[in-house]
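Peer 1: Take this structure, written in structure tokens, and hold onto it; I'll ask about it next.
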Amino acid sequence: QVQLVESGGGLVQAGGSLRLSCVASGRPSSNYAMGWFRQAPGKGREFVAAVSSLGISTYYADSVKGRFAISRDNAKNTVYLQMNSLKPEDTAVYYCNADPSLDRTRSGVPDYWGQGTQVTVSS
């Protein structure tokens, strides 16, 4: 079993920045592609970003391209989501996910999910 724990969410003014972290345990994180989804109030879960197991390939939703950056530090079993130029529409619970398959991570059907961290962007 792989456990994922997100942190770094909070309240920020529009235009500000946050860095989310997701720490994996139970299996070396270097074996897994990892990604981020988010769920805004009243909406479904939305793909945000994903990174391959070695950090070579990254993918972003159009809504966050140029503002968010996903990265990973396999020595720390951690994936990050750097969020810059935050907008009120970025307000959501952000969920980390992991799967040996990058495609499954991107599609929202990975083997493992974290419990989420709340990001609130005020205007």
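Peer 1: Put I70, I56 in order of accessible area, largest first, 1.4 Å probe: what do you get? Mind dumping the intermediate values first?
Peer 2: Working: I70 10, I56 135 Å².
If we order I70, I56 from most to least accessible, we get I56, I70.
Peer 1: Treating cross-link reach as a plain straight distance, find the aspartates and glutamates whose alpha-carbon is under 18 Å from the alpha-carbon of K87, omitting any fewer than eight places away in the same chain.
Peer 2: E46, D62
Peer 1: Across the Cα atoms of the chain, what radius of gyration and what greatest pairwise Cα-Cα distance (Dmax) are found, in Å?
Peer 2: Over the chain's Cα set, Rg and Dmax evaluate to 13.1, 40 Å.
Peer 1: Oh, and also: Considering the zone a paramagnetic label at Q118 would reach in this model (a point 7 Å from Cα along the Cα-to-Cβ line), which residues of the stretch 40-84 have amide N under 12 Å from it?
Peer 2: 41
The values are calculated or read from the model by the stated rules, or taken from the named source; none is laboratory data. The structure displayed is predicted, hence computed values, not measured ones. Using ideal geometry, Cβ is built from the backbone for each residue, glycine included, and neighbour counts are taken over all protein chains shown. When the accessible area is computed, the model is the full protein with side chains, heavy atoms only, and any ligands, DNA or RNA have been set aside. Shrake-Rupley method; radii C 1.70, N 1.55, O 1.52, S 1.80 Å.
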